[in-house]
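Please read the structure below before turning to the comments.
The values are calculated or read from the model by the stated rules, or taken from the named source; none is laboratory data. Every value quoted in this text rests on a predicted model; they were computed, and no experiment measured them. No Cβ is skipped: glycine too gets one built from the backbone with ideal geometry, and neighbour counts run over all protein chains shown. Side chains included, ligands, DNA and RNA excluded: accessible areas come from the protein's heavy atoms. Shrake-Rupley method; radii C 1.70, N 1.55, O 1.52, S 1.80 Å.
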Amino acid sequence: MPDSAAPNTAPTDTDRAGVPTAVLDTIRTIVGDRGILTEPTDTAPYAEDWRRLYQGRASAVIRPGTTAELAAVVALCARSGTPIVPQGGNTSMVGGAVPNEDGSELILSTVRLNRIRDLDAADLTLTIEAGVTLKAAQLAAAEQGCLLPLSISSEGSAQIGGVLATNAGGNNTVRYGNARDLVLGLEVVLPDGTVWNGLRRLRKDNTGYCLRQLFVGSEGTLGVITAAVMKLAPQPKETAVALCGVNSAEAALSLFTRFQAHDAASISAFELMSGLGMSFVVKHIPGAVLPLETPAPFYVLVELASPRPGAGLRDMMEQILERALGDDILNDAAIAESDAQRAAIWRLREEHSEAQKREGASVKNDVSVPVSKVPGFIRQATAACEALLPGVRVVPFGHIGDGNIHFNLEQPVGSEAAWFLAQDHVIMDAVNQVVREYDGSFSAEHGIGRLKPYMMPDWRGGTELALMQRIKAAIDPGGIMNPGKLLP
Ligand code: MLT
Ligand code: ZN
């Protein structure tokens, strides 16, 4: 239906869940029956986050099938003052895609915007809609001999729109950068329902403010990303993966320095795991087996990749590891000899969050420090947390190659989950105090969401936060886009 037929008044009659019935009825005429869910049993899974930190309530989940439908819904919400929570795969670690508890917000899901619009293997570009999962996008690129060089543990569910809205990082940042570095163009529905088509595929385009980067990392507070042009890379022709056991984070860093000195350009991932984190994976994830003879205090997963056939990565890996073994940097290592072994090693890393969840309640600190400071940070933050909460189980892991550590804390054995989670701010603040001493960031790749806006004044206050607030007010004057997220 045309926008002009939508109600133009502020809510008066509200349905049982908070959004005016007239608004929901009009939305139904825009998106059709399959584009709107209103039954609480249908909407509930969308209203809770993956970590189960937030149980929100939405009067409806809207699932438009096209950008035009989505734009018409947003225009209607703008006129009726209805707040919107944009949602992709709902894999946020910080409650960035869940509504509040009073039912006054609508969830706007991109799940049905799932078309691959174009793949140009010569230009190395992929134009896709927001609801395509990261995994599906990777596979589409691979089918044409290309690589979408972004990989995160939740890639089977995370959707491109959310990946960009949160500027996801992941395992390959060390080589290819974050999501922000991989986007050439965007299509965005603005908070008044206008569609901005910025789907350009250019490597160079120096024409004023870089608008696409404003929306990348904005966590749905400035508009809804509906499609994107992603930069591809040539597919690797050779890959080598190893799992290494080391005694300390210092040793892990020394190993990284050695790989860098040898051939920095071939490192596509360099990941750190702790002995405790690995023991949770082996305990809780069916089929997970440590391919080393003896457990170690820390583990490193190193992946080398090259688009050049015959690059000799397997030999290079072996040589570097052998020397490290001789120099007592390394305890033990297993180099994958098949795709299946490679996948099994990666699984040990990627199941870390899931295993931790199965072990019990955890408080996550997604922090970054300069790469050279990671070992010092881990030592000091561990001491601070153990002093604060005797018995707490420290599980640091993550992307040591780019300085991003998930400094996660697991509840003490035998403690109450609720008691532990109630102390999340105290714990996060203690960790962040160390992060500050190490010139780091309190949120490296998970964003701010609903969990961390309270930290913003302290970390980004003054001119920075004021600028962000002015941008928000200019683009979303009605404040309808993802209220309560990102900004305090
Ligand atoms: C990961 O890298 O696996 C996730 O970002 C980590 C987390 O659970 O904190
Ligand atoms: Zn991560």
Under 10 Å from the Cβ of residue 485, count the other residues' Cβ atoms, weight Lys and Arg +1, Asp and Glu -1, and hand me the total. +1
Can you list residues from other chains, or at least 5 along the same chain, whose modelled amide H is less than 5 Å from the amide H of residue 194? none
Scanning the chain for trypsin sites (Lys or Arg not before Pro) in DSSP loops with at most 11 other Cβ atoms within 10 Å, what's the longest stretch left with none? 205-488
Note down the relative contact order for the chain as a percent, whole number, built from C-alpha pairs under 8 angstrom at least six residues apart. 15
Counting only backbone N atoms under 19 Å from a point 7 Å out along Cα-to-Cβ of residue 117, the residues of the range 156-182 in range are 159-166, 180-182
Probe radius 1.4 Å, ligands and nucleic acids ignored: give me the carbon and sulfur share of the accessible area of the chain as a rounded percent. 52
Karplus-derived 3J(HN,Hα), 6.51/-1.76/1.60, for each residue of the range 133-142, Hz, glycine and proline x: 6, 4, 4, 5, 5, 4, 5, 4, 5, 4
Would you kindly calculate the translational diffusion coefficient of the range 360-444, applying Stokes-Einstein with the Kirkwood radius from alpha carbon pairs, for 37 °C and a viscosity of 0.692 mPa s, and quote it in µm² s⁻¹ without decimals? 261
On each of the three principal axes the extent of the alpha-carbon atoms of the chain, given in whole Å and largest first, is 75, 55, 45
Return the whole-Å distance between the Cα centroid of the range 49-83 and the Cα centroid of the range 413-488. 23
Would you pull out the residues with amide H under 5 Å of residue 147's amide H, same chain only if 5 or more places away, H placed 1.01 Å from N? 233, 235
When a/c reaches 1.5 or more, the comparison of a/b and b/c decides; with that in mind, is the range 13-109 rounded, prolate or oblate per its Cα gyration tensor? prolate
Any idea how far the Cα center of the range 339-392 sits from the one of the range 168-212, in Å? 30
Cα-based helix-to-principal-axis angle, 374-388 vs the chain, degrees rounded to 10: 70
By per-residue mean of other Cβ atoms within 10 Å, what is the highest-first order of 302-313, 81-92? 81-92, 302-313
Spelling out what I want: for every residue of the range 395-405, take phi, set θ = phi - 60°, compute 6.51 cos²θ - 1.76 cosθ + 1.60 (Karplus), and round to whole Hz; glycine and proline get x. 10, x, 7, x, 9, 4, x, 10, x, 9, 10
Can you list the residues, at least 5 places off or on another chain, whose amide H is less than 5 Å from the amide H of residue 98, using H built in the peptide plane? none
Accessible area per residue of the chain at 1.4 Å probe, in Å²? 40
Whole-Hz Karplus couplings 3J(HN,Hα) for the range 75-86, θ = phi - 60° and coefficients 6.51, -1.76, 1.60, Gly and Pro as x, run 4, 5, 4, 4, 5, 9, x, 8, x, 10, 10, x
